[in-house]
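Shown next, in structure tokens, is the structure this report addresses.
Since every read-out is calculated from the coordinates, none of them should be taken as a lab result. Not measured: the values here are computed from a predicted model. We place every Cβ from the backbone using ideal geometry, glycine too, and count neighbours over all the protein chains shown.
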Amino acid sequence: MTRTQKTVFALVALVAVVFGLTVHKVLNGRSHGDPAAMIDAGIILLPQSRDLPSLSLTDQNGQAVQVDELKGQWSLLFFGYTFCPDICPTTLAQLRELKTLLPPEALSRLRVVLVSVDPQRDTPTQLKQYLGYFDPAFQGLTGELENIQKLANAVSIPFIPANTSKPNYTVDHSGNLVIIGPDGTQRGFIRSPLNNQKLATQLPELLKSDG
């Protein structure tokens, strides 16, 4: 074999390896582990990431937060409210438990955010006090109802605004979680009800990725 033939052969082999790795990555959902196991755990990854709308909300400390700048960590967004009688306390308690099941490396790459669907009652102070019952590290977002609806619609977690003139009103909303990647884009969902044992196995595979 001549030097030229050897060079061509090496280049062809290199292209084949790169192509093979690329195909493997695509077929395995950006190398986020076993797709079937992810789905079984309730993790549904989007075929293409979605940008979040550029709008401002207020966190539990009264600070303005641009929702399209939730970057640097993986985020789980839960749309709920502090006066919720059932889904919200149950989900937040499950998320608190889930954190205890994750390895430290995965835990350091994850934030949990409650986005209020009841901004009339959920002031920053109310959010901070409520989230403190579950985990002081949980973050909360509230703000103008119009902006919250825009965010919810953008991530396909719509809710039905309540008739706030009625005493002790409730808000109809989903129990699904939204997965936001470290680049600030939506990557998928986690279906409700949560299965913490399966999530504790599959989430670290997702969280160790930079996207």
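Packing-based ranking of 195-201, 159-165 yields 195-201, 159-165, ordered from highest to lowest mean Cβ neighbour count within 10 Å. Note on the stretch 94-211: Rg/Rh from C-alpha atoms, Kirkwood Rh, equals 0.98.
The stretch between Ile44 and Asn61 holds 3.0 nm of extra length on full extension. This uses 0.36 nm per residue minus the Cα-Cα distance.
For the listed residue pairs Lys71/Lys208; Lys128/Lys198; Lys71/Lys198; Lys99/Lys150; Lys71/Lys128, the alpha carbons are over 23 angstrom apart in Lys128/Lys198; Lys71/Lys198; Lys99/Lys150. Apply the Debye scattering formula to the stretch 49-88, with a single equal point scatterer on each alpha-carbon and no solvent, then give log10 I(q)/I(0) at q = 0.21, 0.29, 0.33 Å⁻¹. Taking Cα atoms of the stretch 49-88 as identical point scatterers yields -0.87, -1.13, -1.18. Residues in the stretch 110-137 near a label at Gln73, defined as backbone nitrogen under 12 Å from the 7 Å Cα→Cβ point? Within reach of a label on Gln73, which here means backbone N under 12 Å from a point 7 Å along Cα→Cβ, the stretch 110-137 contributes 110-114, 136-137.
Annotation: amide H of Gly140 within the under-5 Å range of Gln60, Leu114, sequence separation 5 or more or interchain, hydrogens built in the peptide plane. Volume per residue of the convex hull around the Cα atoms, evaluated for the stretch 135-193, comes out as 135 Å³. Kirkwood analysis of the Cα pair distances in the stretch 31-176 returns a hydrodynamic radius of 16.2 Å.
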